[in-house]
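Derivation of every value follows stated rules applied to the coordinates shown; laboratory data play no part. Since this is a predicted model, take the numbers as computed values, not measurements. So basically every Cβ, Gly included, is an ideal-geometry build from the backbone, and we count neighbours across all protein chains shown.
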Amino acid sequence: MTAKTDSELVSSTTQNTVSKRGNKKVTQEKKIMVMTISDHPLLPSGVGTQTKYMIEALLNSGKFQVISLGGAIKHPDYTPSKTKEFGDDWIIYPVDGYGNQEIVRNLVAQHRPDVLWFMTDPRFYEWLWSFDDEIRQAMPMVYYHVWDNFPSPKFNKPYYDSNDYIACISKVTAQIVKEVVPDVSSKYIPHAVNSEVFKKYTTASDASMLNQVRKDNNLEGKFVCFWNNRNARRKMSGSLLWWWKDFCDEVGHDNATLILHTDTNDPHGQPLEFLSQELGLTKGQVHFSKDKIKPEQLAVYYNLADCTINISDAEGFGLATLESLSCGTPIMVTKTGGLQEQVTDGENEFGVGITPTSRAIIGSQQVPYIYEDRINKEVFVSSLKKLYDMTPEERGNLGELGRQHVEKNYNFETFNNNWINYMLKVHEESGSWETRKNYQAWECIEL
């Protein structure tokens, strides 16, 4: 990316432009400007990745421009930037957290966007909804909603009511929104995966490369599982290591390796290297991948693995398991949140889906109640042994069914078309600024 000065940013194309062709003047249609707020869209988090995919879909259509508030990361500086591919059509403003009211007001006044789009857990956007009347009188607000579980959060109703449209990442989220705010327009738009990157390796050179990786890392003849998650409490990283030892006790410590791609010392998680030492998992039973790597390198891990694991007690969607299935590798997951719709289509399972063995109602001051779905050691070990006891061909068949499931339901083409058509619909139905429709900042209440 290259930096862009404030004066250059102000001149970003927001009006109709006129070009000359011979002696004729050709008026170019004004593009719809979308303002996004989320994780930095070039950040390899689930939220950042899906935001980037959505933005690229809009920009590639030729009908949109985008300005982005890129948050959830510590920035080296706060200089606005643009990408080489899209130039002035996509400007990214680094912000702390997800921004604040002053930043939003300034950018709205400067750029006059037509739609405000924002994504992630609602607890990060109370500040935004607290002045939604200012924003919505000029443009519609579109919230791409992440919510993990039931009971339906009635306490979110004031937040949901503060949007013109709510797009939902999972079937669970979509059902929740319908129950809590049936009058707010909503649509199910699940995550997608780039199948050109996350693909099954089938060539002879691919096989040779994977065999070399196995040889270099002492993985030959071993059952390999992959775990690609943040080391955080709800991801159950400590339980995973503890129960992995129990699994190795049953199948043999020389026969299985767990690869964890994570920050082993994340302050929100557990000291995983210390735990592996405590548990005696020091002879190849566990490998840690701690460095940030490119998506293409992640695809190697998925193809290398016999299974990808996610036993989170709450999971809005779970992008790593979707990437795994796209690579033709089966998954073993807790049936919670968006993981449920990945592991099965209602008829076939694409690995092993584990029904929670306990469901506790937990909460906080911001989230008064939500289910926390837990599994236990016995069901973890028995589920993993089910995959371990399969032949490579049987696991391959599960993975192939999963790849087809992803190709059918979470493909890039559908994802891109969904967002392009949805945002065109939003703009047509609601307008912006002088053409704003279907919104009033007041209501009549009978006393």
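What FRET efficiency comes out for S382 versus N194 if R0 is 35 angstrom and r is the Cβ-Cβ distance? Round to the nearest 0.05. Step by step, r from the Cβ atoms, then E = 0.55. Put simply, the amide H of T83, placed in the peptide plane, has neighbours under 5 Å in W90, leaving out anything fewer than 5 places away on its chain.
Among 36-45, 154-163, 262-271, 385-394, sorting by the average number of other beta carbon atoms lying within 10 angstrom of each residue, highest first, gives 36-45, 154-163, 262-271, 385-394.
Output the antiparallel fraction of DSSP beta bridges having both residues in segment 204-409, as a percent to the nearest 5. Around 25 percent of the beta bridges assigned by DSSP in segment 204-409 are antiparallel ones. The mean sequence separation of alpha-carbon pairs under 8 Å and at least six residues apart, normalised by the residue count of segment 331-435, gives a relative contact order of 21 percent.
When +1 charges are put on Lys and Arg Cβ atoms and -1 charges on Asp and Glu Cβ atoms, the dipole computed for the chain relative to its Cα centre reaches about 940 debye.
Of the GluC sites (Glu not before Pro) found in segment 202-275, the ones in coil according to DSSP and having at most 11 other Cβ atoms within 10 Å of their Cβ are E220. A DSSP coil position with no more than 12 other Cβ atoms inside 10 Å describes the following trypsin sites (Lys or Arg not before Pro) in segment 61-105: K74, K84. Measuring against 19 Å, Cα to Cα, the residue pairs K154/K437; K245/K386; K199/K290; K52/K294; K200/K294; K31/K82 contain K154/K437; K199/K290 as the ones spanning a longer distance. On the beta carbon distance between D96 and L42, with R0 = 22 Å, the FRET formula returns roughly 0.85. For segment 219-231, 3J(HN,Hα) computed residue by residue from phi via the Karplus equation (6.51, -1.76, 1.60; θ = phi - 60°) reads 10, 4, x, 9, 7, 10, 10, 10, 10, 10, 8, 6, 7 Hz, glycine and proline entered as x.
Computed from the alpha carbon positions, the gyration tensor of segment 245-351 leads to an equivalent ellipsoid with semi-axes of 24, 17, 15 Å, biggest first.
Annotation: average projected area of segment 298-447 is 14.5 square nanometres, based on the convex hull of Cα atoms across all directions. Counting only DSSP H runs of at least 4 residues, each contributing -39500 (n - 2.57), and dividing by the residue count of the chain, the helix-based mean residue ellipticity at 222 nm comes to -10500 deg cm²/dmol. Amide H contacts of Q65 (H built 1.01 Å from N, in plane; Pro and chain starts excluded): I32, M33, V34 sit under 5 Å, all sequence-distant by 5 or more or on other chains. The relative contact order of the chain, computed from alpha carbon pairs under 8 Å that lie at least 6 residues apart in sequence, is 14 percent.
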